[in-house]
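Participant: One structure is given below, represented as structure tokens, and several questions about it will come after.
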Amino acid sequence: MNSILIASNVVSSLFLLIIVCSFYQLKNLVFQKTKYFRYCLWVTIIGLLSEALSYAFDGQPGKGYIAGIFCFFAYIMLPLLVVLYGFYVLSISEESFKSVAQKFQRINIPICILEFLFIIVGVVTGYLYSVVNDSIVTGPWIYYVSILPSISFICILPISKHICNFWGVKEKWPVFLVIAIPVASIAFFYVMHASIRQGFIGASLALAIIYVIIQIKIITEADIDASLYNEMSINDALTGLKNRRGYMEVVNNLSKDETVGVVFCDANSLKAVNDTYGHEAGDKLIKKLANILKEEFPDGNVCRISGDEFVCIIEDVVDNAFADRMVALASILRDNDRIASYGFSVGKGEKILEIVNKAEHMMYNDKERYYKETGKDRRR
């Protein structure tokens, strides 16, 4: 019987370990959403392995005390698992229901503390189990060790059902299994208590079902939220172009050996437009310039790196073709009332910052010519 239980516990722990490892491949924001569920999985894995080792050393000459130690570790994992599951339930409850979930958790924690003390006293006195002739012998308290965790589990059930509904679990059978498996494990324990002590296999099955029907939904939703957040954080709200953060991502991900073309543009007289016609007119000017750059460089990464400055990075360019495009850009900017001054440069990706600086310096020279030719006040 022990060899079957050992094999079952080891296989269950490996299965849960695969699930846990998959969480460490997630984005950081999504990874945080799995915190309490991961804790539940780790505690269950420790419980499964402790339980398996207690079976393995049970009855081995001179190793009975080792079986007793692992048996103790397995027992104390039970109340810890129930507490963590309560926090997991609380973390995935909708905001309007959190106050109810918190009340249940306030009941749950003291019950689990009592269970922890019950286990310690039971082990010290031998009423829970003792080691006799290198074998674990269960005591009279063995029948009561699951009562407090069962009460805690029953307290959490109404919230668990609500959470299933909240996360769109409409089928009744998964919810039934989440409830039935731990209950069946407790019942089976009372029938087979001489062979089965903690019953972490039931907990592992229940967590696997929760992972399939609820946690995957949470991970998927969190991944979508993280993607949207990342998109918002690298994109400029006014123009839809990449912002400075997005620009730095482009710079950092460039191939060092690739030939790169850079265009640096600065809107002309933006302050004068804002002061004379208002910021709405200034926004229109910025959006107009952004649209020009998007249309002229659909193959490039166009970024708004500050209020009136734009940088466009085009990869894998050919010098002659790029020069022709610059002539076309100059013509378009003139046709649009010299909406911006510009500069450009070409070089290898490994020197991208130098290339940007050259393009920026050329842009400042063009801006000097603009103010001289138009006679406008540069401070405006």
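Just so it is clear, none of the values below were taken in a lab; they were calculated from the coordinates. In this text, all values refer to a predicted model and were calculated from it rather than measured experimentally. All Cβ positions, glycine included, derive from the backbone under ideal geometry; neighbour counts span all protein chains shown.
Participant: Note the count of lysine pairs whose C-alpha atoms are less than 21 angstrom apart in the stretch 244-374, limited to pairs 8 or more residues apart or on different chains.
Facilitator: Close lysine pairs under the 21 Å cut-off: 14.
Participant: If r is the Cβ-Cβ distance from D299 to S150 and R0 is 45 Å, what FRET efficiency results, to the nearest 0.05?
Facilitator: The pair D299/S150 has a calculated efficiency of 0.10.
Participant: What nm value, rounded to one decimal, do you get for the distance between T138 and R369 when each label is placed 7 Å out toward the C-beta?
Facilitator: Going by the 7 Å Cα→Cβ label model, 9.2 nm.
Participant: H279 versus I69, label points 7 Å from Cα toward the beta carbon: distance in nm?
Facilitator: Computed distance between label sites H279 and I69 equals 6.7 nm.
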